[in-house]
Amino acid sequence: MARPLKTGLDYFPLDVDILYDIKVRKIVKKSGEQAFSILIGLLCNIYKDKGYYAEYSDDLCFHIADTLDVSEESVNEVITKALEVGFFDMQMYERHRILTSESIQARFQSATLKRKESVINDIYWISSDNNPVNDSHNTQSKVKETKVKESTEKKSKSKEGKPEQSLTANINIDGRSYIISNRLHRLMSFMSENKPYINTLCVNNGIKNSDNLIRYLKLFFVKLENEGSAHTDTKDIKQHFANWLRLQLERDKRPSEKIKYNNKHNFAKHDNTISYSEF
(Lines give C-alpha, C1' and ligand atoms only; values in the text may rest on other atoms or scores of the structure.)
Protein backbone atom coordinates (compact mmCIF):
# COMPACT_ATOMS: atom_id res chain seq x y z
CA MET A 1 0.00 0.00 0.00
CA ALA A 2 1.47 3.33 -1.05
CA ARG A 3 2.15 5.90 1.62
CA PRO A 4 0.17 9.15 1.41
CA LEU A 5 2.06 12.05 -0.11
CA LYS A 6 3.58 14.48 2.36
CA THR A 7 2.11 17.94 1.87
CA GLY A 8 3.59 20.18 4.57
CA LEU A 9 7.11 21.02 5.71
CA ASP A 10 8.95 20.03 8.88
CA TYR A 11 10.64 23.43 9.03
CA PHE A 12 10.84 26.57 6.91
CA PRO A 13 13.41 29.34 6.31
CA LEU A 14 12.87 32.71 7.96
CA ASP A 15 14.50 35.82 6.50
CA VAL A 16 16.96 37.40 8.93
CA ASP A 17 15.63 40.86 8.05
CA ILE A 18 11.97 40.02 8.65
CA LEU A 19 11.79 42.54 11.50
CA TYR A 20 12.83 45.25 9.04
CA ASP A 21 10.30 44.22 6.40
CA ILE A 22 8.08 47.28 5.80
CA LYS A 23 4.98 45.09 5.61
CA VAL A 24 5.73 43.45 8.95
CA ARG A 25 6.51 46.81 10.54
CA LYS A 26 3.16 48.22 9.40
CA ILE A 27 1.33 45.21 10.83
CA VAL A 28 3.16 45.45 14.17
CA LYS A 29 2.55 49.19 14.38
CA LYS A 30 -1.17 48.60 13.82
CA SER A 31 -1.67 45.62 16.13
CA GLY A 32 1.16 45.82 18.68
CA GLU A 33 4.09 43.55 19.50
CA GLN A 34 1.90 40.43 19.66
CA ALA A 35 1.30 40.83 15.91
CA PHE A 36 4.74 39.37 15.14
CA SER A 37 4.00 36.20 17.13
CA ILE A 38 0.64 35.89 15.36
CA LEU A 39 2.33 36.20 11.95
CA ILE A 40 4.84 33.49 12.86
CA GLY A 41 1.98 31.30 14.12
CA LEU A 42 0.14 31.74 10.83
CA LEU A 43 3.27 30.92 8.82
CA CYS A 44 3.87 27.79 10.91
CA ASN A 45 0.30 26.67 10.24
CA ILE A 46 0.66 27.32 6.51
CA TYR A 47 3.95 25.47 6.09
CA LYS A 48 3.08 22.59 8.43
CA ASP A 49 -0.33 21.69 6.95
CA LYS A 50 -0.77 22.46 3.24
CA GLY A 51 2.77 23.69 2.74
CA TYR A 52 2.03 26.83 0.76
CA TYR A 53 -1.40 28.11 1.90
CA ALA A 54 -3.93 27.94 4.73
CA GLU A 55 -7.70 28.12 4.46
CA TYR A 56 -9.04 31.09 6.37
CA SER A 57 -11.69 30.06 8.91
CA ASP A 58 -12.90 30.68 12.44
CA ASP A 59 -11.15 27.45 13.45
CA LEU A 60 -7.83 28.77 12.16
CA CYS A 61 -8.24 31.99 14.15
CA PHE A 62 -9.19 30.03 17.27
CA HIS A 63 -6.21 27.69 16.86
CA ILE A 64 -3.73 30.57 16.57
CA ALA A 65 -5.38 32.53 19.40
CA ASP A 66 -5.50 29.52 21.72
CA THR A 67 -1.90 28.54 20.99
CA LEU A 68 -0.52 32.04 21.59
CA ASP A 69 -2.96 33.01 24.36
CA VAL A 70 -4.27 36.03 22.46
CA SER A 71 -7.80 36.98 21.41
CA GLU A 72 -9.37 35.81 18.17
CA GLU A 73 -10.11 39.47 17.42
CA SER A 74 -6.37 40.17 17.55
CA VAL A 75 -5.71 37.35 15.08
CA ASN A 76 -8.39 38.68 12.73
CA GLU A 77 -6.98 42.19 12.99
CA VAL A 78 -3.48 40.97 12.07
CA ILE A 79 -4.82 38.96 9.12
CA THR A 80 -6.79 41.96 7.87
CA LYS A 81 -3.76 44.24 8.03
CA ALA A 82 -1.52 41.55 6.50
CA LEU A 83 -3.88 41.38 3.53
CA GLU A 84 -4.01 45.17 3.21
CA VAL A 85 -0.22 45.61 3.11
CA GLY A 86 0.39 42.60 0.85
CA PHE A 87 1.97 40.23 3.36
CA PHE A 88 -0.73 37.79 2.21
CA ASP A 89 -2.12 37.90 -1.33
CA MET A 90 -5.44 39.77 -1.36
CA GLN A 91 -6.60 38.35 -4.68
CA MET A 92 -6.15 34.75 -3.52
CA TYR A 93 -8.04 35.56 -0.32
CA GLU A 94 -10.94 37.16 -2.17
CA ARG A 95 -11.17 34.34 -4.71
CA HIS A 96 -10.53 31.29 -2.56
CA ARG A 97 -10.49 32.43 1.11
CA ILE A 98 -6.89 31.29 1.53
CA LEU A 99 -3.82 32.90 3.09
CA THR A 100 -0.73 32.67 0.90
CA SER A 101 1.78 34.80 -0.97
CA GLU A 102 4.28 34.51 -3.80
CA SER A 103 7.19 34.43 -1.33
CA ILE A 104 5.53 31.69 0.75
CA GLN A 105 5.06 29.60 -2.37
CA ALA A 106 8.63 30.23 -3.51
CA ARG A 107 9.96 28.98 -0.16
CA PHE A 108 7.73 25.91 -0.35
CA GLN A 109 8.92 25.17 -3.87
CA SER A 110 12.56 25.52 -2.83
CA ALA A 111 12.07 23.31 0.24
CA THR A 112 10.46 20.48 -1.77
CA LEU A 113 12.93 20.35 -4.65
CA LYS A 114 14.23 16.92 -3.65
CA ARG A 115 10.86 15.30 -3.04
CA LYS A 116 9.96 12.55 -5.48
CA GLU A 117 6.41 13.85 -5.78
CA SER A 118 4.28 16.66 -4.40
CA VAL A 119 0.64 17.64 -4.85
CA ILE A 120 -0.02 21.19 -6.02
CA ASN A 121 -3.46 22.72 -6.51
CA ASP A 122 -2.63 24.98 -9.43
CA ILE A 123 -5.58 27.35 -8.96
CA TYR A 124 -3.95 28.36 -5.67
CA TRP A 125 -0.58 29.00 -7.34
CA ILE A 126 -0.02 32.74 -7.78
CA SER A 127 2.54 33.15 -10.55
CA SER A 128 2.67 31.10 -13.74
CA ASP A 129 6.31 32.18 -14.05
CA ASN A 130 6.93 30.52 -10.69
CA ASN A 131 5.69 27.22 -12.12
CA PRO A 132 5.94 24.39 -9.56
CA VAL A 133 8.04 22.09 -11.75
CA ASN A 134 11.31 20.84 -10.33
CA ASP A 135 14.31 18.82 -11.53
CA SER A 136 14.27 15.39 -13.16
CA HIS A 137 14.11 13.61 -9.80
CA ASN A 138 10.87 15.30 -8.83
CA THR A 139 7.39 14.80 -10.33
CA GLN A 140 5.85 17.88 -8.73
CA SER A 141 4.44 19.11 -12.05
CA LYS A 142 1.12 20.63 -11.00
CA VAL A 143 -0.86 17.61 -9.86
CA LYS A 144 -4.43 18.85 -9.44
CA GLU A 145 -6.64 17.62 -6.65
CA THR A 146 -9.52 15.51 -8.00
CA LYS A 147 -12.35 17.87 -7.13
CA VAL A 148 -10.47 20.85 -8.52
CA LYS A 149 -9.74 19.00 -11.76
CA GLU A 150 -13.38 17.99 -12.22
CA SER A 151 -14.53 21.53 -11.53
CA THR A 152 -12.04 22.98 -14.01
CA GLU A 153 -13.09 20.53 -16.72
CA LYS A 154 -16.77 21.40 -16.24
CA LYS A 155 -15.99 25.10 -16.48
CA SER A 156 -13.97 24.65 -19.67
CA LYS A 157 -16.78 22.61 -21.28
CA SER A 158 -19.40 25.19 -20.37
CA LYS A 159 -17.31 27.94 -21.97
CA GLU A 160 -17.06 26.11 -25.29
CA GLY A 161 -20.76 26.40 -26.08
CA LYS A 162 -21.32 30.05 -25.21
CA PRO A 163 -19.34 33.26 -24.81
CA GLU A 164 -18.03 34.20 -21.39
CA GLN A 165 -20.37 36.48 -19.45
CA SER A 166 -19.63 38.81 -16.56
CA LEU A 167 -20.80 37.25 -13.31
CA THR A 168 -23.06 39.11 -10.91
CA ALA A 169 -24.48 38.58 -7.44
CA ASN A 170 -27.72 39.61 -5.75
CA ILE A 171 -27.84 41.42 -2.43
CA ASN A 172 -30.97 42.05 -0.38
CA ILE A 173 -31.71 45.41 1.22
CA ASP A 174 -34.97 45.82 3.14
CA GLY A 175 -36.64 43.06 1.14
CA ARG A 176 -35.52 44.33 -2.26
CA SER A 177 -32.95 42.64 -4.50
CA TYR A 178 -30.07 44.55 -6.07
CA ILE A 179 -27.45 43.31 -8.53
CA ILE A 180 -23.73 44.01 -8.19
CA SER A 181 -20.67 42.47 -9.80
CA ASN A 182 -19.01 39.46 -8.20
CA ARG A 183 -15.86 41.53 -7.77
CA LEU A 184 -17.68 44.10 -5.64
CA HIS A 185 -19.61 41.36 -3.85
CA ARG A 186 -16.36 39.68 -2.78
CA LEU A 187 -15.03 42.97 -1.44
CA MET A 188 -18.29 43.64 0.39
CA SER A 189 -18.23 40.16 1.95
CA PHE A 190 -14.61 40.60 3.01
CA MET A 191 -15.43 43.86 4.78
CA SER A 192 -18.70 42.68 6.36
CA GLU A 193 -17.12 39.49 7.74
CA ASN A 194 -14.28 41.40 9.39
CA LYS A 195 -15.75 41.68 12.89
CA PRO A 196 -13.07 43.97 14.40
CA TYR A 197 -13.45 46.37 11.46
CA ILE A 198 -17.27 46.38 11.72
CA ASN A 199 -17.20 46.83 15.51
CA THR A 200 -14.74 49.73 15.22
CA LEU A 201 -16.94 51.49 12.67
CA CYS A 202 -20.00 51.02 14.89
CA VAL A 203 -18.22 52.55 17.89
CA ASN A 204 -16.73 55.44 15.91
CA ASN A 205 -20.07 56.34 14.33
CA GLY A 206 -22.39 55.67 17.27
CA ILE A 207 -24.18 52.77 15.56
CA LYS A 208 -25.52 50.39 18.21
CA ASN A 209 -26.52 47.51 15.94
CA SER A 210 -23.96 46.04 13.54
CA ASP A 211 -26.82 44.97 11.23
CA ASN A 212 -27.53 48.65 10.60
CA LEU A 213 -23.92 49.17 9.58
CA ILE A 214 -24.05 46.17 7.24
CA ARG A 215 -27.13 47.71 5.64
CA TYR A 216 -25.21 50.92 4.96
CA LEU A 217 -22.34 48.85 3.59
CA LYS A 218 -24.69 47.15 1.13
CA LEU A 219 -26.11 50.51 0.03
CA PHE A 220 -22.57 51.77 -0.48
CA PHE A 221 -21.71 48.87 -2.78
CA VAL A 222 -24.93 49.37 -4.76
CA LYS A 223 -23.74 52.96 -5.19
CA LEU A 224 -20.35 51.75 -6.45
CA GLU A 225 -22.05 49.41 -8.90
CA ASN A 226 -24.22 52.20 -10.29
CA GLU A 227 -21.17 54.41 -10.72
CA GLY A 228 -19.31 51.65 -12.56
CA SER A 229 -16.58 51.87 -9.94
CA ALA A 230 -13.24 50.28 -10.81
CA HIS A 231 -11.99 50.34 -7.21
CA THR A 232 -9.87 47.28 -6.39
CA ASP A 233 -7.80 48.47 -3.44
CA THR A 234 -9.46 47.48 -0.16
CA LYS A 235 -7.78 50.28 1.77
CA ASP A 236 -9.13 52.93 -0.63
CA ILE A 237 -12.62 51.45 -0.53
CA LYS A 238 -12.61 51.38 3.28
CA GLN A 239 -11.62 55.05 3.37
CA HIS A 240 -14.24 55.91 0.76
CA PHE A 241 -16.90 54.05 2.74
CA ALA A 242 -15.92 55.74 6.03
CA ASN A 243 -16.27 59.19 4.43
CA TRP A 244 -19.53 58.26 2.71
CA LEU A 245 -20.96 56.75 5.91
CA ARG A 246 -20.24 59.89 7.92
CA LEU A 247 -22.03 62.07 5.36
CA GLN A 248 -24.87 59.59 5.04
CA LEU A 249 -25.48 59.43 8.80
CA GLU A 250 -25.59 63.23 8.94
CA ARG A 251 -28.00 63.31 6.01
CA ASP A 252 -30.26 60.62 7.52
CA LYS A 253 -30.75 62.76 10.61
CA ARG A 254 -32.74 65.20 8.47
CA PRO A 255 -36.41 64.07 8.31
CA SER A 256 -36.89 65.41 4.77
CA GLU A 257 -34.14 63.18 3.41
CA LYS A 258 -35.18 59.70 4.50
CA ILE A 259 -34.21 56.97 2.06
CA LYS A 260 -36.58 55.49 -0.45
CA TYR A 261 -35.86 53.03 -3.25
CA ASN A 262 -36.11 53.37 -6.99
CA ASN A 263 -36.25 49.89 -8.53
CA LYS A 264 -36.14 51.19 -12.08
CA HIS A 265 -32.67 52.63 -11.63
CA ASN A 266 -31.51 50.03 -9.09
CA PHE A 267 -30.20 52.47 -6.53
CA ALA A 268 -31.29 54.13 -3.30
CA LYS A 269 -32.63 57.64 -3.69
CA HIS A 270 -33.64 60.48 -1.37
CA ASP A 271 -37.00 62.26 -1.31
CA ASN A 272 -35.23 65.47 -2.36
CA THR A 273 -33.87 63.66 -5.48
CA ILE A 274 -30.29 63.53 -4.18
CA SER A 275 -28.96 60.06 -5.04
CA TYR A 276 -26.18 58.05 -3.47
CA SER A 277 -24.20 58.26 -6.68
CA GLU A 278 -23.66 61.97 -6.07
CA PHE A 279 -21.56 61.42 -2.96
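Return yes when residue 66 is under 29 Å from residue 122 (Cβ atoms), out of contact with any Pro (no Cβ under 9 Å at 6 or more places or on another chain) and acidic (Asp, Glu) and no when it is not.
no
Within region 66-84, being in a helix (DSSP H, G or I) and either at pLDDT below 90 or under 15 Å from residue 32 (Cα atoms) (or both) holds for 68, 72, 73, 74, 75, 76, 77, 78, 79, 80, 81, 82. Taking the listed residues 51, 41, the one that is surrounded by 15 or more Cβ atoms within 10 Å (Cβ to Cβ), assigned by the TED database to the domain that holds residue 67 and either on the phi > 0 side of the Ramachandran plot or in a loop (DSSP other than H, G, I, E, B) (or both) is 51, with no other qualifying. Within this structure, residue 65 fails the test of being crowded, with 21+ Cβ neighbours inside 10 Å and among the hydrophobic types (A, V, I, L, M, F, W, C). Tallying residues that are modelled with pLDDT of 85 or more and touching an Asp or Glu at 6+ places or on another chain (Cβ under 7 Å) within region 212-265 yields 1. Evaluated against (1) hydroxyl-bearing (Ser, Thr, Tyr); (2) modelled with pLDDT of 50 or more; (3) assigned to a helix (DSSP H, G or I), residue 156 falls short on exactly one condition, (2). Every residue in region 106-119 that is in contact (Cβ under 8 Å) with a residue 40 or more places away in the chain and either touching a Ser or Thr at 6+ places or on another chain (Cβ under 8 Å) or charged (D, E, K, R) (or both), please. Selection gives 107, 112, 115, 117, 118, 119. Going through (1) assigned to a loop (DSSP other than H, G, I, E, B); (2) surrounded by fewer than 19 Cβ atoms within 10 Å (Cβ to Cβ); (3) within 15 Å of the chain's Cα centre (by Cα) one by one, residue 87 falls short only on (2). Where helices (runs of 4 or more DSSP H) sit wholly within region 182-243, those with at least 2 residues that are over 18 Å from the mean Cα position of the chain (by Cα) and surrounded by 19 or more Cβ atoms within 10 Å (Cβ to Cβ) occupy 210-227.
The values are calculated or read from the model by the stated rules, or taken from the named source; none is laboratory data. Please read all numbers here as calculations on a predicted model, not as lab measurements. FYI the Cβ positions are ideal-geometry reconstructions off the backbone, even for glycines, and counts take in every protein chain you see.
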